[in-house]
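Below is one structure, written out as structure tokens, with a few remarks after it.
Please treat every number below as a calculation from the coordinates, not as lab data. Because the structure is a prediction, the values reported are computed rather than measured. Counting neighbours? That spans all protein chains shown, and the Cβs are built from the backbone with ideal geometry, glycine included.
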Amino acid sequence: MADDCVQEKFDKYAGNDGLLSEEELRKMIETEIGDDCRMKERLLKRVPKIIKRKDDDGDGQLSFEEFKVFSRLVKKLQEKKEKGQPLDDDSE
Ligand SMILES: [Ca+2]
């Protein structure tokens, strides 16, 4: 997910309510990272944790601001992958 299309991606999956639910986030991961099974698996595993941790206002959905934190995590994982580093590190 490139930086310049974060807003675009968010709008596409968040739908009319402008918030990204767990289900919508899963759908985004399935669709956008579908060609990389390991990355997909890793991210899907983290979804409940991400929702819980990044959802600052506690409504169970991600706003665009909250989603940006998630997109940075994806970027970090992709960088690790490019460098051939393990994706197991849970630190952020
Ligand atoms: Ca939504």
> How large is the dipole of segment 3-82 about the Cα centre if only Lys and Arg carry +1 and Asp and Glu carry -1, each at its Cβ, rounded to the nearest 20 debye?
Replying inline: 620 debye
> If we sort 75-81, 61-67, 26-32 on the protection proxy, mean other Cβ atoms within 10 Å, highest first, what's the order?
Replying inline: 61-67, 26-32, 75-81
>> Could you work out [θ]222 nm for the chain from helices alone, using -39500 (n - 2.57) per DSSP H run of at least four and dividing by all its residues? Round to the nearest 500 deg cm²/dmol.
In response: -20000 deg cm²/dmol
> Expressed as a fraction of 2.2 N^0.38 Å, the rule-of-thumb size for a compact globular protein of N residues, what is the C-alpha radius of gyration of the chain?
Replying inline: 1.02
> Cα-Cα over 24 Å: which of K40/K68; K12/K81; K49/K81?
Replying inline: K12/K81
>> In segment 3-82, if the dipole is taken from +1 on Lys/Arg beta carbons and -1 on Asp/Glu beta carbons about the Cα centre, which of G58, M39, F10 is farthest to the positive end?
In response: M39
